[in-house]
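Participant: Let me begin by handing over the structure; questions about it come next.
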Amino acid sequence: MEYSLDKPIDNEKYDLLNRIDFAKHFAKDVVMLSEKNNFTISLNGAWGSGKTSLINLIKNEIIRLRDYDEEVSSYPIILDFAPWNSLDENGIITQFFKSFTSNFTKNKIKEFLKSSKTQFAINLLKDVPLIGKYFRCLKSFFDRYLKEFLEKDK
């Protein structure tokens with residue numbers, strides 16, 4: 001008897017539903033769009049419908065394109081962040097920065113934080129219902145500490 005675990009796949013060799021072709025095309029579109037635009041993608045589906053598996057396949061393909069496709073000059077930065085793992089504001093902010101810093105070098109972080117796109121996104125998101133309060137905290141944090149971080153080499 002063979003059992004299949006109810007967990008997301010993280011590799012195309014386990015893709016029994018043949019989603020890899022869609023993931024490859026979608027990843028290519030994301031990479032091409034990220035060179036020119038800012039955008040948001042929403043993947044909606046019922047619990048257990050395979051959203052995380054599809055996201056994993058797409059992320060793997062973006063990484064493969066980044067490593068082997070020399071035609072594209074810029075790639076999206078993949079940052080895994082699950083805010084529902086924390087119940088309080090401080091936990092969410094701490095978790096965000098741990099996730100953020102584990103994915104970037106200090107220079108990449110400075111480049112990202114200096115970006116007008118980043119500042120625009122934070123200013124925009126701070127007014128969004130429900131999640132806005134977390135981005136207001138981030139904005140407050142950035143206003144307080146960002147200037148010193150960007151100017152000094154601590």
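Participant: Given the residues ILE92, ILE77, which is the only one that is within 24 Å of PRO8 (Cβ to Cβ), out of contact with any Lys or Arg (no Cβ under 7 Å at 6 or more places or on another chain), assigned to a loop (DSSP other than H, G, I, E, B) and modelled with pLDDT under 85?
Facilitator: ILE77
Participant: Ok, one more. Within the bounds of the range 50-64, is there any residue that is at pLDDT 75 or above, part of a loop (DSSP other than H, G, I, E, B) and either in contact with a Ser or Thr (Cβ under 8 Å, 6 or more places away or on another chain) or not basic (Lys, Arg) (or both)?
Facilitator: yes
Participant: Can you pull out every residue in the range 1-49 that is basic (Lys, Arg), at pLDDT 90 or above and not in a helix (DSSP H, G or I)?
Facilitator: ARG19
Participant: Only residues that are without any contact (Cβ under 8 Å) to a residue 40 or more places away in the chain and acidic (Asp, Glu): list them for the range 10-59, please.
Facilitator: ASP21, ASP29, GLU35, listed by residue number.
Participant: Follow-up. Taking the range 124-142, which residues are in a helix (DSSP H, G or I) and within 17 Å of PHE96 (Cα to Cα)?
Facilitator: LEU125, GLY132, LYS133, TYR134, PHE135, ARG136, CYS137, LEU138, LYS139, SER140, PHE141, PHE142 - these are the residues of the range 124-142 that are in a helix (DSSP H, G or I) and within 17 Å of PHE96 (Cα to Cα).
The values are calculated or read from the model by the stated rules, or taken from the named source; none is laboratory data. All of these numbers come straight from a predicted model, not from anything done at the bench. Here the Cβ is made from the backbone with ideal geometry for all residues, glycine too, and neighbour counts use every protein chain on show.
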